[in-house]
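Worksheet: the structure to be examined is printed underneath.
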Amino acid sequence: MTDTTTQMPAPRTAAPDSPTHARRGEPRPFDAILFSSFGGPDGQEDVIPFLRNVTRGRGIPDERLEEVAGHYRALGGRSPITAQNEAMIASLEQELARREVHLPIYFGNRNWEPYNAEAVRALHADGHRHALGLVTSAYSSYSSCRQYREDFGMVLEETGLAGEVTIDKVRVYFNHPGFLAPVVDGLDAALASLASAGHDSDRIAVLFSTHSVPTSMAEASGPEETRVEGSGGWYVEQHLAACRWVMEQLHDDAPELPDWQLVYQSRSGAPHIPWLEPDVNDVIAQLAEEDAADAVVVVPIGFVTDHVEVVWDLDTEAKETAEEKGLAFRRVATSGEDPRFIAALADLVQERLDEAFPRRVVTDFGGTPDVCGANCCTGRMCRPTTSAVDSALDVERARAERRATADAGAPGTGSRS
């Protein structure tokens, strides 16, 4: 078993018991859960308005949005993510009730109905004041962690409930065994399927796939004390740790394990901006051209559910690439609605309700903090946040900039520079 991932400099490490890895959240009388996700269109007429929300502020014309819209339109214009989230919420309600944890769950999205603001107004109207934020992203980066913290901060400002309602995001959970164990089982089954079809393990390549992000975003992922120029930051390091753990858990009686690597998918944006590589399709093509494999197993390690970026980018595009190149193809399911993952979400809730509740952590990355460090996963904009040591400063800076631009009578740039 060899890791053939393209190497990048590693971020700085910190002691496992340091605040970087072990900072605990402020004890609060939590009385509700805000389950927050990306959102997705519900029909053909929603596709372009949804994509306008996703790309808000970037000035992307509708004709360019139509290129991505084709992925949704091919699936009937309806993203599976909403139904998947609703199913997870229903299962989580049952699991929490089984544990005698009685917190109502409110569902909100960043980019489509139901929006986070609607959920926060509803929980406030129902008398709740301290919400735990559960999000459908498992890793540290701007788009997968900080942007949710910004969503929560901006919603509190937008609704006028800042100071009256708190929203504390739970820790990053890529390292919870309930997220990774279903992946182990899925990979084991895929390898067994290929073996039964006559494929030798040394002719199988395992490709762990996650969403590509700009290299600058990857480098900025994690708290500022871990930053190293040119590194993939916590985003890449956490994915690699998850991949290593999954490979290490495969059955002891399995034949020699195949080579594996971390690859990327779903790149968007201007072509001159560098993003994490290699792309999953390029790797599949290269494996065939170099006669390095007869089969590939694609593992969507970076995703929680089988939403559009999985069923289109992998089940459609990556599968077609493999077929064109004459390679057998298997795709492992995401953890999604697996009962072990639902139990993991319940664990994340109980960790914040009870300081004595055991924290289940695997991988060689170590733990992840309840409260993010200073300038963690920074982006281009100055926006209010929650759930970080410098969230109060983020809120004040954003308010000051908004006042300054209002006084000047011009729209704000939101720039951090």
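No lab work stands behind these numbers, since they all come straight from the coordinates. Keep in mind that this is a model prediction, so the values were computed, not measured. Backbone-built Cβ (ideal geometry, glycine too); neighbour counts: all protein chains shown.
Values computed for the structure shown
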{"item": "Peptide ranges 276-287, 66-77 listed from the most packed, as the mean C-beta count within 10 angstrom indicates", "result": "276-287, 66-77"}
{"item": "Acute angle (nearest 10 degrees) that the helix 177-196 long axis makes with the longest principal axis of the chain, alpha-carbon atoms", "result": "20 degrees"}
{"item": "Estimated distance in nm for a label pair at residue 99 and residue 354, the labels positioned 7 Å out from Cα along Cα-to-Cβ", "result": "0.9 nm"}
{"item": "11 Å reach of a label modelled at residue 292, 7 Å along Cα-to-Cβ, counting backbone N of region 192-211", "result": "205-206"}
{"item": "Viscosity 1.306 mPa s, temperature 10 °C, Stokes-Einstein D of region 164-213 from Kirkwood C-alpha radius, µm²/s", "result": "112 µm²/s"}
{"item": "26 Å tail of the calculated P(r), the chain, as % of Cα pairs", "result": "55 percent"}
{"item": "Cα gyration tensor shape for region 1-105, rounded if a/c is under 1.5, else prolate or oblate", "result": "oblate"}
{"item": "Zone of residue 364's modelled label, taken as backbone nitrogen in region 182-224 under 20 Å from a point 7 Å along Cα→Cβ", "result": "184, 206-209"}
{"item": "FRET efficiency, residue 67 to residue 408 (Cβ-Cβ, R0 35 Å, nearest 0.05)", "result": "0.40"}
{"item": "Radius 13 Å from Cβ of residue 204, net charge of other residues (Lys, Arg +1; Asp, Glu -1)", "result": "-4"}
{"item": "At 0.890 mPa s and 25 °C, Stokes D of region 114-224 from Kirkwood alpha-carbon radius, µm² per second", "result": "142 µm²/s"}
{"item": "Gain in span if fully extended, residue 323 to residue 196, counting 0.36 nm per residue against the direct Cα distance", "result": "43.8 nm"}
{"item": "Distance (nanometres) between label positions extended 7 Å along Cα→Cβ at residue 225 and residue 90", "result": "4.5 nm"}
{"item": "Relative contact order (%) - the chain, alpha-carbon pairs under 8 angstrom, separation at least six", "result": "24 percent"}
{"item": "Ranked by how many other beta carbons lie within 10 Å on average, peptides 267-273, 196-202, 237-243, 380-386 from highest", "result": "237-243, 380-386, 196-202, 267-273"}
{"item": "Region 177-331, Cα convex hull volume normalised per residue, Å³", "result": "127 Å³"}
{"item": "Residue 396 paired with residue 157, simple spin-label distance in nm, labels 7 Å along Cα-to-beta-carbon", "result": "1.5 nm"}
{"item": "Vicinal HN-Hα couplings computed from phi for region 323-330 (Karplus, 6.51 cos²θ - 1.76 cosθ + 1.60; Hz; Gly/Pro x)", "result": "5, 4, 8, x, 9, 5, 9, 9"}
{"item": "Region 347-394 versus region 48-78: alpha-carbon centroid distance in Å", "result": "31 Å"}
{"item": "Angle in degrees between helix 147-159 and the longest Cα principal axis of the chain, rounded to the nearest 10", "result": "30 degrees"}
{"item": "Per-pair calculated FRET efficiency, R0 = 41 Å: residue 52 and residue 6 via Cβ, rounded to 0.05", "result": "0.75"}
